[in-house]
Structure formats: C-alpha cells, structure tokens
Amino acid sequence: MAKNRSSSMQAKLVLVGDMGTGKTSIVLRFVKGQYFDCQESTIGAAFFSQILSLNEATIKFDIWDTAGQERYHSLAPMYYRGAAAAIVVYDISSTESFTRAKKWVEELQRQGNPCLVMALVANKADLEEKRKVFAEEGEQYAEENGLFFIETSAKTSQNVNELFYEIAKRVLKAR
Ligand code: GDP
Ligand code: MG
C-alpha cells in the first residue's frame with residue numbers, strides 16, 4: 001500500500017533580470033493566465049501568491065517581482081533574503097540582457113545560499129525571427145553554473161507552467 005507522504009510548504013521565489021525581459025509578464029501569465037503587449041514596467045503589485053500541487057506535496061509560492069528597481073542593476077538584500085528559488089530572466093532577442101543575466105546569477109551566488117534553486121529563463125521565445133541568443137548558449141551557461149534552463153514565452157504561454165512546476169520539484173527536493 002502506498003504511504004501517504006503528502007505535505008505542504010511555503011517558499012519564497014524571486015525574479016531577477018533586466019528591465020523589459022518579461023519578468024512581470026511571466027508572473028502574470030502564470031498566476032492570472034493573462035498577457036499584455038504593453039506591460040507597464042514600473043507599475044503593479046510586486047508580490048503574488050500561488051499554490052502548486054504536485055503528486056506528493058503542495059507548495060505555496062510567495063513570488064517577489066520587482067517594481068522597477070532592477071534598472072539600477074542590483075536589488076536590496078531584503079529582496080533576496082530567505083528565498084528558496086530564483087528565476088533569472090533574459091530576452092532571446094537581446095544579447096545585452098543575456099550578458100546581464102550572468103551578472104544577476106553572480107549577484108545571487110554572492111547572497112550565499114548554497115541551496116537556492118535557480119532557473120535561467122530565456123524568455124520571448126516567440127520572437128524567433130529576432131533571436132540573438134541561441135538556446136545552446138543559455139543551456140551551456142546554466143549547466144556550468146548548476147542552474148536549470150528553459151526557454152519560455154509569456155506571450156504564447158510556452159513553458160511557463162513547466163518552469164514553475166520544475167522549480168517546485170527542485171525546491172521540494174532541496175528541502
Ligand atoms: P519586466 O520589466 O522584466 O517585468 O518585463 P515586462 O513583463 O514588463 O515586459 C516588457 C515588455 O516585453 C512588455 O511590452 C511585454 O509585453 C513584452 N513581453 C514580455 N514577455 C514577452 C514574450 O514572451 N514575448 C514577447 N514577444 N514579448 C514579451
Ligand atoms: Mg516588471
């Protein structure tokens with residue numbers, strides 16, 4: 001007979017990455033199933049809550065989105081404090097955003113939580129004709145730095161749920 005191993009936990013998840021890469025759009029797609037072509041970068045609630053159920057557990061994500069502070073290329077320590085997971089976003093049509101994503105990864109690594117689950121997210125995958133960063137580049141960097149890599153589109157919703165489910169799995173495993 002299968003043992004009942006159901007459990008529930010709460011986890012703080014932060015989004016980082018340059019302005020305009022689609023952080024807010026990814027969260028709104030995941031939490032509300034909505035997408036806006038002209039997402040206003042600096043306005044909007046910076047906090048969302050979402051419950052995910054996996055086979056054996058329920059996880060409640062407290063999702064911290066920025067309210068535009070990333071324009072200064074760094075975030076206050078309290079933004080990261082206690083985070084179980086981080087999503088680092090770049091835009092496949094911007095080489096600069098990929099370069100900056102690596103800096104964000106370094107900043108997160110400096111926060112010093114070795115158990116932090118990190119995802120490198122190549123967003124705007126629907127903009128194939130404007131692609132500047134190949135998937136292989138993101139994949140390779142992620143592999144070298146122990147991150148999980150995925151290409152998403154908040155616009156078409158490609159891989160958005162997959163992203164959060166994979167993070168949930170890894171957070172439960174790292175617990
Ligand atoms: P943030 O500054 O990182 O929070 O980025 P936003 O979510 O505000 O998005 C910036 C702009 O990119 C907005 O105009 C969005 O509509 C657009 N955007 C976000 N995600 C996607 C996507 O997956 N595909 C496309 N084509 N545009 C996107
Ligand atoms: Mg935003």
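What follows is calculated from the coordinates using simple rules that are stated; it is not laboratory data. The model shown is predicted, which means the values in this text are computed figures rather than measured ones. All Cβ positions, glycine included, derive from the backbone under ideal geometry; neighbour counts span all protein chains shown.
Some points to look at:
- On full extension, the segment bounded by T99 and Y165 gains 21.1 nm, given 0.36 nm per residue less the C-alpha separation.
- Between Q34 and S74, the FRET efficiency from the beta-carbon distance, with R0 = 45 Å, is close to 0.95.
- Each Lys and Arg contributes +1 and each Asp and Glu -1, all at the Cβ; summed about the Cα centre of segment 36-175, the dipole is approximately 500 debye.
- Helix-derived mean residue ellipticity, 222 nm - over the chain, DSSP H n ≥ 4, -39500 (n - 2.57), to 500: -9500 deg cm²/dmol
- Once C-alpha pairs closer than 8 Å and six or more residues apart are averaged by separation and normalised to the residue number of the chain, the relative contact order reads 25 percent.
- Cross-link partners of K132 among lysines, defined as those whose alpha carbon lies under 23 angstrom from its own and excluding same-chain residues fewer than eight positions apart: K23, K102, K103, K124, K155.
- Residue-span extension gain [D62 to A46] - 0.36 nm each, minus C-alpha spacing: 4.7 nm
- Max mean-square fluctuation residue, GNM over the chain, Cα-Cα springs under 10 Å, options A76, A122, A142: A76
- Straight-distance candidates among the aspartates and glutamates for linking to K169, with alpha-carbon spacing under 13 Å and chain neighbours fewer than 8 residues away dropped: E56.
- Cα gyration tensor shape of the chain, rounded if a/c is under 1.5, else prolate or oblate by comparing a/b with b/c: rounded
- q = 0.18, 0.21 Å⁻¹, segment 126-175: log10 I(q)/I(0) [Debye, one scatterer per Cα]: -0.69, -0.88
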